[in-house]
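Data block below; observations after.
What follows draws every value from the coordinates through simple rules; no lab data is involved. What you see is a predicted model, and the numbers here were worked out from it, not measured in a lab. Quick reminder, even Gly has a Cβ in these numbers, built from the backbone with ideal geometry, and neighbours come from all protein chains shown.
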């Protein structure tokens, strides 16, 4: 995979996966007030922390790919 255009496509796909991941979490998880009412606030926070970490890793990977700094 030495084509720069292909690497740009892969970077855009990674960014799309980041957006999909955050959107999926937003749509599937209950709101903060609902989780506090059901006494499930700690799992809610942990799940959002995992989503945030994976989104951060995806953004870092996409930025590395899109900048094109490879050995």
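A few notes on this one:
- Mean residue ellipticity, 222 nm, helices only, the chain: the sum of -39500 (n - 2.57) across DSSP H runs of n ≥ 4, divided by residue count and rounded to 500, is -28000 deg cm²/dmol.
- Take the Cα of residue 60, step 7 Å toward its Cβ, do the same at residue 39, and the gap between the two points is 3.7 nm.
- Rg(Cα) / (2.2 N^0.38 Å) computed for the chain, rounded to two decimals: 1.46
- With each label modelled as a point 7 angstrom along the Cα→C-beta vector, the residue 46-residue 23 pair spans 2.8 nm.
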